[in-house]
Protein chains: 2
Amino acid sequence: MARKLYELCGTDPARRFSPYCWRSRMALAHKGLEAEVVPWRFTDAAALAFARYDKVPVLVDGDRVVTDSWAIATYLEEAYPEAPRLFQGPPESQRFIVAWSDAVLMPALARLIVSDIPPLLGPEAGYFIASREQRFGMPLAAVTAGREAKLPEFRALLHPLRMVLRGQDFLGGAVPDYGDCAVFGTLMWPRSVSPLPLLEPGDPVHAWRERMLDLHGGLARTAPSFGG
Amino acid sequence: MARKLYELCGTDPARRFSPYCWRSRMALAHKGLEAEVVPWRFTDAAALAFARYDKVPVLVDGDRVVTDSWAIATYLEEAYPEAPRLFQGPPESQRFIVAWSDAVLMPALARLIVSDIPPLLGPEAGYFIASREQRFGMPLAAVTAGREAKLPEFRALLHPLRMVLRGQDFLGGAVPDYGDCAVFGTLMWPRSVSPLPLLEPGDPVHAWRERMLDLHGGLARTAPSFGG
């Protein structure tokens with residue numbers, strides 16, 4: 001297959017847990033596009049040297065190399081205009097929900113689940129632990145200590161999503177769009193690495209996540225998960 | 001004029017400070033539509049009885065009566081499809097930024113500026129103070145005490161906006177859309193009632209607000225303001 005997506009994993013190449021890779025994987029599926037998975041691990045700079053980049057996702061589509069999940073989404077929309085639209089208006093008008101996912105959702109999730117990640121990693125665990133402990137200024141176990149008690153605060157952060165999803169099936173409206181891919185992809189990170197029950201049944205955000213898990217033949221639902 | 005917008009004010013009918021009325025006023029201007037201002041004050045239920053509603057904005061457009069700022073925006077888009085688009089895709093795909101304005105931005109602003117409002121009100125000040133003190137569980141002066149020290153936390157909440165506005169002129173992209181109207185309209189509330197300097201010069205959010213103030217011949221810039 002000419003199309004490949006480099007995706008983050010640990011020792012198990014089937015358990016792919018990067019929120020950004022999930023955004024791109026869902027975007028590809030939304031467009032009806034297949035892409036071979038190329039498992040990539042933290043610190044494997046050599047494998048991405050061809051892309052002159054040091055992070056995943058990286059999409060290789062024939063001769064094109066596209067780095068960064070946002071650039072991949074806008075590339076797919078331009079390159080495959082006949083496929084279902086990822087963006088229902090100009091992509092720029094969806095920047096806010098992506099920025100909220102990056103600036104609000106990601107850091108809040110990291111504080112809840114970062115300590116679940118090292119056991120899933122191989123030799124790169126040392127790099128991961130050292131870099132994240134430097135970021136947080138404390139051991140990873142201390143970051144997530146007492147995390148069940150922090151769940152109400154986390155769920156409160158989701159309130160804007162909840163307000164929207166009380167009135168419509170997807171963040172995009174009647175159909176999912178890249179806003180759905182961005183937020184849902186972010187939530188695939190904890191689901192892939194942690195048993196922590198982030199969402200309560202009965203929450204409209206939970207019901208929406210169920211709908212997203214079912215899309216594309218259960219692409220995300222069948223991925224290795226700890227159920228969080 | 002057949003078109004009228006009922007807008008919240010206090011003793012000065014020119015100082016209109018409702019964030020929701022500002023959303024509708026900006027939406028009307030975006031569509032190039034004039035609408036007579038009908039000043040409305042808290043507790044004046046009789047004036048809105050015709051609309052079977054108890055809040056503003058209320059739009060009267062010929063025979064049509066439309067309540068609620070979101071309903072007004074979608075009504076304007078449907079009723080005036082040839083005028084500049086408020087929504088660049090389906091309106092539903094803009095619900096998230098509006099929900100964030102309501103669920104995150106509004107409460108954070110209230111905690112900073114609610115005590116500035118009673119001096120602007122007439123006899124309805126008693127209602128306002130009692131209802132808001134009940135909501136906050138403390139005197140309004142206590143809600144906003146030491147507010148300058150809370151500004152960094154408030155500005156941090158704006159980070160998703162900042163990330164977007166570093167890369168594009170408007171939340172809608174190259175042109176403003178209803179997402180801009182919703183967030184900017186919300187920020188017209190503090191500007192209209194408070195001298196508190198919410199935004200720092202040099203912040204991309206400040207620069208964007210300047211662009212929004214200039215739209216439509218300076219419609220918002222020339223409105224009565226305390227400069228906050």
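Computed values, structure above
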| read-out | value |
| --- | --- |
| Sum of side-chain charges, B:His159 neighbourhood, beta-carbon under 12 Å (Lys, Arg +1; Asp, Glu -1) | 0 |
| For B:Phe50, inter-copy label distances in nm, listed shortest first [label point 7 Å out on the Cα-Cβ vector] | 7.0 |
| Shape category assigned to segment A:3-79 from the gyration tensor of Cα positions, a/c cut at 1.5 | oblate |
| DSSP-defined antiparallel bridges as percent of all bridges, chain A, nearest 5 | 65 percent |
| About the Cα centre, charge dipole magnitude for the protein assembly as shown (Lys/Arg +1, Asp/Glu -1 at Cβ), debye | 720 debye |
| Net charge over other residues, Cβ less than 12 angstrom from the Cβ of A:Thr43 (K, R count +1; D, E count -1) | -1 |
| Average partner coverage of A:155-165, which counts Cβ from other chains inside 10 Å | 4 |
| Shortest-first nm distances, B:Ala207 label point to equivalent points in other copies (7 Å, Cα→Cβ) | 4.3 |
| Gyration tensor verdict on chain A (Cα atoms; rounded if a/c is under 1.5, prolate if a/b is larger than b/c, oblate otherwise) | oblate |
| Three-way shape label, the protein assembly as shown, alpha-carbon gyration tensor, a/c 1.5 | prolate |
| Those GluC sites (Glu not before Pro) in segment B:72-154 that DSSP places in a loop and that have at most 13 other beta carbons within 10 Å | B:Glu82 |
| Segment A:56-124 - percent relative contact order, Cα under 8 Å, separation 6 or more | 14 percent |
| Candidate aspartates and glutamates for bridging to A:Lys55, where Cα separation is under 18 Å - those fewer than 8 sequence places away on the same chain excluded | A:Glu7, A:Glu36, A:Asp44, A:Asp68, A:Asp102, A:Glu124 |
| Exercise: per-residue mean of other protein chain Cβ atoms within 10 Å, B:112-123 | 0 |
| Given charges at Cβ of Lys, Arg, Asp, Glu: the protein assembly as shown dipole, positive-most of A:Tyr127, B:Ser93, A:Ala29 | A:Tyr127 |
| Estimated 222 nm signal from helices in the protein assembly as shown, with DSSP H stretches of n ≥ 4 weighted -39500 (n - 2.57), rounded to 500 | -12500 deg cm²/dmol |
| All lysines inside 18 Å of A:Lys31 as judged from Cα atoms, apart from same-chain residues fewer than 8 positions distant | A:Lys4 |
| Minimum Cβ-to-axis distance in chain A for the rotation onto chain B, with residue, whole Å | A:Gly89, 2 |
| Residues A:Tyr80, A:Tyr178, B:Tyr127, B:Tyr20 arranged by fewest to most Cβ contacts within 10 Å | B:Tyr127, A:Tyr80, B:Tyr20, A:Tyr178 |
| Selection of trypsin sites (Lys or Arg not before Pro), segment A:141-224, meeting DSSP coil and at most 15 other Cβ within 10 Å | A:Arg166, A:Arg221 |
| Label-point separation in nm, A:His216 to B:Lys4, each point 7 Å along Cα→Cβ | 5.3 nm |
| Of B:Ile72, B:Phe136, B:Pro39, farthest towards positive along the dipole that unit charges on Lys, Arg, Asp, Glu beta carbons give chain B | B:Phe136 |
| Electrostatic dipole magnitude of segment A:1-153 [Cβ: Lys, Arg +1; Asp, Glu -1; Cα centre; debye, to 20] | 240 debye |
| Whole-Å distance, taken between Cα centres, linking segment A:179-228 and segment B:1-63 | 42 Å |
| Normalised contact order of chain A, rounded percent, pairs of Cα under 8 Å and 6 or more residues apart | 25 percent |
| Percentage relative contact order, segment A:1-86, counting C-alpha pairs under 8 Å, at least six apart | 36 percent |
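Bear in mind these aren't lab numbers, they're just calculated from the coordinates by the rules spelled out. The structure presented is a predicted model; accordingly, all values stated were derived computationally and were not measured. In this analysis, Cβ positions are derived from the backbone assuming ideal geometry, glycine residues included, and neighbour counts consider all displayed protein chains.
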